[in-house]
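What follows is a short report on a single structure.
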Amino acid sequence: MPRFPDGFTWGVATAAYQIEGAVAEGGRGDSVWDTFCRQPGAIRDGQTGDIADDHYHRWREDVALMADLGVTAYRFSIGWPRVQPTGSGPANDPGLDFYDRLTDALLAAGITPMPTLFHWDLPQPLEDAGGWLARDTAARFADYAALAAGRLADRIGTWITLNEPFVVMALGYAIGTHAPGKALMLGALPTAHHQLLGHGLATQALRAAGASQVVLTNNYSPVWPASDSAEDVAAARAWDALQNRLFTDPVLTGRYPDLASFGLGDPTAGIVKDGDLAAISAPIDALGVNYYVPTQVSAPREAQGGPALPVLEEIDGYPITAFGWPIVPAGLTEVLVQLRDRYADRLPPVYVTENGCSMPDVPATDGSVEDRDRIGYLDGHIRAVADAIAAGVDVRGYLVWSLMDNFEWNEGYHQRFGLVYVDYETQRRTPKASYSWYRDLIALQQSAS
Ligand code: BGC
């Protein structure tokens, strides 16, 4: 393994709804995910995040696991409906108290807290008022950011505003496989602007509360044309604009990319108001990159009357994860180098805020989990980060998704991404072989510095 720069951040990541459970405790309100999980057929086997990893009660044990792992940073998310049960109004103190205690425990263990403010758990009353289709949600998000940072920014310097707004737009509002389960197709586009505006307004609120580093996390994917044909190449370019540029160009360049190839004209017409792009493009201190898979697309096969969407193709020829996702470490180097080439001096330092895999982990009779496949995955992707650094990309950290197995959205508990195995019957946590491997890697990197 190559040597990483001094001070490189080694971490793990989780998200509130995926691990906390205790959905009706401490004054927490419902989120869109609570509602979505109750819909028959929405989640595999009807599972819910009601208990999840019971982290709300077992957080001390989880912090101890991270301390033993030796990570220098922990990316978790703050549950908006814990802090503001209805999505507006004053803070719910028991909710903030939970994150306050967690923050102090992390700092005492020498772990830098890196909270994300929005990892998909929108308070249900805000969804009832239009959710991210409504401009007002952006202002509500900034109010919530001010409450969270007002309590915690004296101890937390780095704040991530949104997690993967593309996924919220695409799966939540365009196709509906995620909460809130809307299938609006291209009618989901206003959620892009309103999430970005929320990011911009929250950035102001965070800075006013004393945050020193503001970060936006997107999921990036190299987009490959299925063939060399001009049509497939054009389709790849169009999808690249939608997935990789729609949530980045406005932030780093102050302009939306051209989505004309979708037959949309200007998708932001009528909803972008004076001053919005100035707020959205206020400088950020780092960009969070989540990477899982490349995307392969071909040209739309037939005109269906509406806008022409590229066709997403299977990628063959690579080993796959339990999810069936192709394992392509070089794709991580590709997205990092592409970001640098695309945005040049406008690109701030980068953190890989999520990368990891679901594997078919089965405990042996002694309870151990020998996840050699996950070790191979992580080894390959960490080397891919090293390659990007060698190519001149300013990558400052790498955070594994995830610390422990957890509620994998519409897949329920069927996909295990953790370095720590969770027995959902007993809530017993068992570090997997990948946990020891990552601990040794971090220790070795740090002893060399
Ligand atoms: C999300 C995580 C999720 C992971 C694996 C990312 O898109 O931020 O919440 O668990 O991917 O699917």
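Taking the DSSP beta bridges with both ends in the chain, the antiparallel portion is around 20 percent. Result for the chain in a Gaussian network model with C-alpha springs under 10 Å: among ASP240, ASP379, ASP128, the largest mean-square fluctuation is at ASP128. Backbone amide hydrogens, once placed in the peptide plane, bring TYR413 within less than 5 Å of GLU408, excluding anything fewer than 5 places away on its chain.
Charged side chains reduced to their Cβ positions (Lys and Arg at +1, Asp and Glu at -1) give the chain a dipole of some 800 debye around its Cα centre. Around GLY397, what is the net charge, scoring Lys/Arg as +1 and Asp/Glu as -1 over all other residues with Cβ under 13 Å from its Cβ? Spelling it out: positives minus negatives among the neighbours equals -2.
Might you report the magnitude of the Cβ-based charge dipole of region 1-62 about its Cα centre, with Lys and Arg at +1 and Asp and Glu at -1, to the nearest 20 debye? Rounded to the nearest 20 debye, it is 180 debye.
Along the axis of the charge dipole computed for the chain (Cβ charges of +1 for Lys and Arg, -1 for Asp and Glu, origin at the Cα centre), the listed residues SER77, ALA148, ALA52 are led at the positive end by ALA148. For region 87-180, a simple Cβ point-charge model (Lys and Arg +1, Asp and Glu -1, everything else neutral) yields a dipole of about 180 debye relative to the Cα centre.
How big is the C-alpha Rg of the chain next to the rule-of-thumb value 2.2 N^0.38 Å, as a ratio?
Rg over 2.2 N^0.38 Å, computed on Cα atoms: 0.92.
Counting alpha carbon pairs within less than 8 Å and at least 6 residues apart, what relative contact order, in whole percent, applies to region 9-447? Contact order relative to length: 17 percent.
Other residues with beta-carbon under 15 Å from the beta-carbon of LEU246 carry, at +1 per Lys or Arg and -1 per Asp or Glu, a net charge of -2. Springs between Cα atoms under 10 Å define the GNM used for the chain, and in it the highest mean-square fluctuation of ILE271, ILE382, ILE156 occurs at ILE271. Summary: within the chain, the longest segment free of GluC sites (Glu not before Pro) located in DSSP loops with at most 10 other C-beta atoms within 10 Å is 1-301.
Values quoted throughout were computed directly from the atomic coordinates according to the rules given, and no laboratory measurement underlies them. A quick note: this is a predicted structure, and the numbers were derived from the prediction, not measured. Glycine also receives a Cβ, built like all others from the backbone with ideal geometry; neighbour counts cover every protein chain displayed.
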